[in-house]
Amino acid sequence: GQVLRELPRRVADWMERLQAEGVRGADLVFACIGPALEIFSRYSRVETAEGREVSLAEFLEKVWEVVGRTALEQVLGTAEAKARNGLAGALEEDARLTALFLWTLQNTNGGEKAQRDNGKDEGSEEEADNEDDEEEKPKKKKVGFSLIFDVVRRFAQPLGIHLPEWEGRIIETEKGVVRLLTIQERSKALFGEDGAQAVADKLESTREPQAQLMLFPQLKKEEIPKIKGRKKKSGVDVSDDALKARREATTLDRVHAAMLLQSSGRANALRALLKAEQDRGPDFLRLANALSALYPKESEEKRLLDAMLLAMPR
């Protein structure tokens, strides 16, 4: 108990100190582990209240949990840091996963690589990579922001974030690497076969637009699929409750929808959506501002978010 009480203070202090020194992302995460382990290693033996010895591996799981919660508190607020599956006042699981992913990516080699994958790098670095690109032509790189799976799992699992539930919706895992799907890749799922233009027409023609009712149109037309006898693409069993939950547009879905409307140049539809979100509550704006601070400076996502935020009704 003494060790666990001291752990959050130690992690928060070092995180603040390291950020002041310009350390960010995955570098910051791993730099916090050493000071956290110092608490544990000062004792010859750490026990639970029942007298069971605590292993180093068990303590490390706690360290990752505390680092994740401290990061969430910084970027999304106290409610998200305490949230486990729908705490009142907290943003949904996909928002927490995306925020932690981008926070871990910030100002690391992975972040620079992701920007290159998005085509934002120019000049000598790009030329230096030409040989590597030529070698990999048969396997064209997918755009987007990527992190090693084990890093994502380590911060997601202790916080109750279930990665398989978001596979194919906001992330894609392949060969030990987790990639955030781009908003363009999410367009068909969010808006259906007709795309953003059709949803924009509806938003402009409806007095009180409700993005919740307009997103995922193809899923609303279908009944919950029968799992028995069908081979699902992911190869993972999904419960009826999970399927139902995945049909509901989250705050992150609605932010991505607004970004896509911004990208497609439908200003009137965007204003209608933003007005509806403003009337709904503060979560949309809170998440949009947080993501704007987390996306790399030169990324297309940040450009779209910042332009969208400028259109927010005053």
Please compute the modelled spin-label separation between residue 4 and residue 279, points set 7 Å along Cα→Cβ, answer in nm with one decimal. 4.6 nm
Set the Förster radius R0 to 45 Å, insert the Cβ-Cβ distance between residue 53 and residue 175 as r into 1/(1 + (r/R0)^6), and round the FRET efficiency to 0.05. 0.75
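What ranking do 167-177, 302-312, 39-49, 90-100 get when scored by the average of other Cβ atoms within 10 Å per residue, highest first?
Sorting 167-177, 302-312, 39-49, 90-100 by mean packing, highest first, produces 90-100, 302-312, 167-177, 39-49.
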Quick one: net charge around residue 178, please, counting Lys, Arg +1 and Asp, Glu -1 for every other residue with C-beta under 10 Å from its C-beta. -2
Calculate the FRET efficiency for residue 61 and residue 307 from the Cβ-Cβ distance with a Förster distance of 51 Å, rounded to the nearest 0.05. 0.80
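Multiply the residue separation of residue 142 and residue 21 by 0.36 nm, subtract the distance between their alpha-carbon atoms, and state the gained length in nm to one decimal.
Working: separation 121, 0.36 × 121 = 43.56 nm, distance 3.29 nm.
Between residue 142 and residue 21, full extension yields 40.3 nm more.
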The long-range amide H neighbours of residue 145, using H built 1.01 Å from N in the peptide plane and a cut-off of under 5 Å, are 180
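No value in this document is a laboratory result; all are computed from the given coordinates. Bear in mind that the values here come from a model prediction, so they are computed numbers and not experimental data. Cβ sites come from the backbone with ideal geometry, for glycine too, and all protein chains shown count toward neighbours.
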